Amino acid sequence: MKMVMPSWFDLMGLTPDAPEDEAGIKKAAESIKAIIEHEMKNGIPPNRIILGGFSQGGALSLYTALTCQHQLAGIVALSCWLPLHKAFPQAASNGVNKDIAILQCHGEMDPMIPVRFGALTAEKLKSVVTPAKVQFKTYPGVMHNSCPQEMMAVKEFIEKLLPRI
């Protein structure tokens, strides 16, 4: 949007119909998939890996996990959207992560990524993965940031998916 800042991919707009940087999104996803491969070579099984992020990082986590060839443990998607949403459910890698657990959280007063976009994303996700695996939580009064209740939900989600071994 003509602002210079560090990012995973270029943002041309923040509406569901805005043009998207498909090449940049796919390149960023490949970078994350390379990290997953590296962790697997170091002995971490993919079903013990959760991808997560806030805003653009959450968006990239959703896209990467849903297009990943490995069955991952889950996704934490905070104040974000599903990039290249029109490509789904077809873009999902052969349903490898059809049963992936997703925790999606959003502030109800978010001026950057309106909560309505989060709700649309949650509905789209339910067409890609098992609907019961998608949790969408909203937080009254929260803008484009986080809150202690949201962080507690993230903690509980991670502890449930990745019990100590």
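The values are calculated or read from the model by the stated rules, or taken from the named source; none is laboratory data. Because the structure is predicted, anything quoted here is derived from the model rather than measured. Backbone-built Cβ (ideal geometry, glycine too); neighbour counts: all protein chains shown. When the accessible area is computed, the model is the full protein with side chains, heavy atoms only, and any ligands, DNA or RNA have been set aside. Shrake-Rupley method; radii C 1.70, N 1.55, O 1.52, S 1.80 Å.
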Applying the selection to segment 141-157, what residues are among the charged types (D, E, K, R) and without any contact (Cβ under 8 Å) to a residue 12 or more places away in the chain?
-> 155, 156
Considering (1) within 14 Å of residue 102 (Cβ to Cβ); (2) modelled with pLDDT of 95 or more, say which one residue 44 fails and leave the rest.
-> (1)
Please report, ordered by residue number, the helices (runs of 4 or more DSSP H) entirely within segment 54-165 with at least 2 residues that are open to solvent by less than 70 Å² (accessible area, probe 1.4 Å) and out of contact with any strand residue (DSSP E or B) (no Cβ under 7 Å at 6 or more places or on another chain).
-> 56-66, 115-125
Report yes if some residue within segment 28-40 is more than 8 Å from the chain's Cα centre (by Cα) and outside any helix (DSSP H, G or I); otherwise report no.
-> no
Yes or no: residue 45 open to solvent by less than 80 Å² (accessible area, probe 1.4 Å) and touching a residue at least 60 places away in the same chain (Cβ under 8 Å)?
-> no
Within segment 1-12, track down each residue that is at pLDDT 70 or above and either of a type in the set (A, V, I, L, M) or more than 18 Å from the chain's Cα centre (by Cα) (or both).
-> 11, 12
